[in-house]
Amino acid sequence: MMAPMRIPRLILMAAVLLCVGTAAAQDDSDLVEDPAFLRVTISERTVRLESLIVRRKNAEGKLPVALIAHGKPATEGRMLDDRAIQYVRQARDLARRGYLAVVTMRRGYGASDGPPPVSLSCASPSLLGRFASEADDLQATLAAVAKRPDADATRMIVIGVSAGGAAVAALSARNPPGLLGVINVSGGLRFPSCPKEDALVAAFKEYGAKSRVPQLWIYAKNDSFFPSQLVERMQSAFLDGGGDLKLVMFDADERYDGHAIFQNSNGRSKWLPQMDAFLRFHKLPTWTRDDVTALLKKLSAKETSRGFVENYLAGPSEKALARQKSGTVMSSSYGTRTTEDARKLATEQCEKRGQPCEVVMVNDRWLGPAE
């Protein structure tokens with residue numbers, strides 16, 4: 001979608017947002033991406049979990065940890081085909097916000113050891129055992145990552161999608177030391193052949209009674225897995241138990257199923273700003289108002305451009321910002337497969353006003369003239 005927006009003094013501000021499929025290889029040099037295996041201890045047994053760890057290349061000292069918990073495909077074959085690299089875009093978004101971003105594949109998924117320790121069927125009366133086993137994997141991952149010299153074990157957040165959203169809620173009920181925030185995106189577990197809505201609500205009620213970790217839940221009204229009525233039941237159950245929860249329910253977007261909001265680039269442009277506000281409120285790292293002011297100064301832009309700059313900082317990777325070499329026209333692109341795509345699109349949109357443009361920012365790296 002390319003939509004230039006006119007504001008006073010002929011400032012053109014356009015954001016180009018692309019829906020993309022699988023992530024392309026990183027073609028920029030601002031991040032270090034380490035696909036590896038973590039050896040963790042669960043129930044006194046050593047387990048090998050496939051992982052991906054992403055951080056800024058120039059990061060110094062101990063970094064806050066952001067653990068990403070994946071969802072569950074419909075079949076065992078697809079579970080085994082999943083890989084940590086599928087979540088590299090979200091890991092990059094978090095790394096560029098200052099985190100040591102970690103993706104781990106739980107037991108029975110991808111190249112991790114398996115099978116899953118707890119199986120479920122239509123005859124299963126409760127989901128608690130399955131969610132507890134997945135929380136074991138997440139807790140063991142945090143414990144292993146905490147031993148890294150670049151990890152700050154006193155500042156950790158977890159972000160879960162779909163079944164991973166239920167897993168991070170289960171983890172929060174244990175209130176592990178250092179866990180300061182939980183973000184659940186489209187969280188739950190679905191059984192198409194035998195709905196388990198009551199069991200799902202009961203699980204979240206139990207977690208609400210035990211968890212004292214602030215939580216942000218993000219859903220969409222057109223989620224084909226978890227309709228808004230079910231989400232509201234889950235929310236009420238969690239709050240009745242005493243949990244700390246903010247729910248954000250997005251309107252339906254006809255471009256994608258609401259359950260895909262975590263992966264879809266248009267969806268990421270919606271939930272990432274909500275995550276940023278949650279992190280700022282709880283004094284956790286992300287971009288700040290001061291960062292917006294500093295970028296406005298570098299761009300020699302007026303206060304009327306603040307919204308444009310905020311959208312750029314919150315936008316998903318890969319992204320770029322272009323500006324006329326002489327004038328006040330600016331354009332950005334974000335959510336592209338590569339930084340080269342982002343550069344090209346931002347420049348093309350900027351030059352529609354008839355003047356040469358140059359890229360002054362790629363992701364969060366300033367490329368323009370020094371102040």
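Give me a count of the residues in segment 328-338 that are under 18 Å from Q263 (Cα atoms) and surrounded by 21 or more Cβ atoms within 10 Å (Cβ to Cβ).
Residues that pass the stated criteria total 4.
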On the given criteria, is F278 touching a Lys or Arg at 6+ places or on another chain (Cβ under 9 Å) and in the same structural domain as S162 (by TED's automatic domain parsing)?
no
In a loop (DSSP other than H, G, I, E, B), touching a Pro at 6+ places or on another chain (Cβ under 8 Å) and either in contact (Cβ under 8 Å) with a residue 24 or more places away in the chain or not assigned by TED's automatic domain parsing to the domain that holds F225 (or both): which single residue out of R106, R155, R130, R148 fits that description?
R106
Which residue out of T286, T293 is touching a residue at least 40 places away in the same chain (Cβ under 8 Å), β-branched (V, I, T) and within 29 Å of M330 (Cβ to Cβ)?
T286
Please specify each residue of segment 168-210 satisfying the condition of being basic (K, R), assigned to a loop (DSSP other than H, G, I, E, B) and over 29 Å from A252 (Cα atoms).
R174
Out of the residues in segment 58-99 meeting the condition of being in contact (Cβ under 8 Å) with a residue 24 or more places away in the chain and of a type in the set (V, I, T), tell me which one is surrounded by the fewest Cβ atoms within 10 Å (Cβ to Cβ).
I85
Need the failing condition index for R306 against (1) modelled with pLDDT of 95 or more; (2) not assigned by TED's automatic domain parsing to the domain that holds M330; (3) not polar (S, T, N, Q), just the number.
(2)
Given the structure, is R306 touching a helix residue (DSSP H, G or I) at 6+ places or on another chain (Cβ under 8 Å), touching a residue at least 24 places away in the same chain (Cβ under 8 Å) and among the basic types (K, R)?
no
Condition check: modelled with pLDDT of 95 or more, in a strand (DSSP E or B) and surrounded by fewer than 21 Cβ atoms within 10 Å (Cβ to Cβ). Does R55 satisfy that?
no
Just for segment 269-327: of the residues that are aromatic (F, W, Y) and within 24 Å of Q349 (Cα to Cα), which one is surrounded by the most Cβ atoms within 10 Å (Cβ to Cβ)?
Y312
From the residues in segment 30-52 that are without any contact (Cβ under 8 Å) to a residue 40 or more places away in the chain and in a strand (DSSP E or B), which one is surrounded by the most Cβ atoms within 10 Å (Cβ to Cβ)?
V32
If I ask for residues that are over 26 Å from G327 (Cβ atoms) and not basic (K, R), which ones from segment 288-304 would you list?
T288, D290
Selection from segment 139-198 of residues that are of a type in the set (D, E) and touching a helix residue (DSSP H, G or I) at 6+ places or on another chain (Cβ under 7 Å):
E197
Could you name every one of the strands (runs of 3 or more DSSP E) located completely within segment 239-350 that has at least 2 residues being farther than 30 Å from G178 by Cα?
319-324, 330-334
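The values are calculated or read from the model by the stated rules, or taken from the named source; none is laboratory data. Fair warning: this is a prediction, and the values are worked out from it, not measured in the lab. Cβ coordinates were reconstructed from backbone atoms using ideal geometry, including for glycine residues, and neighbour counts include every protein chain displayed.
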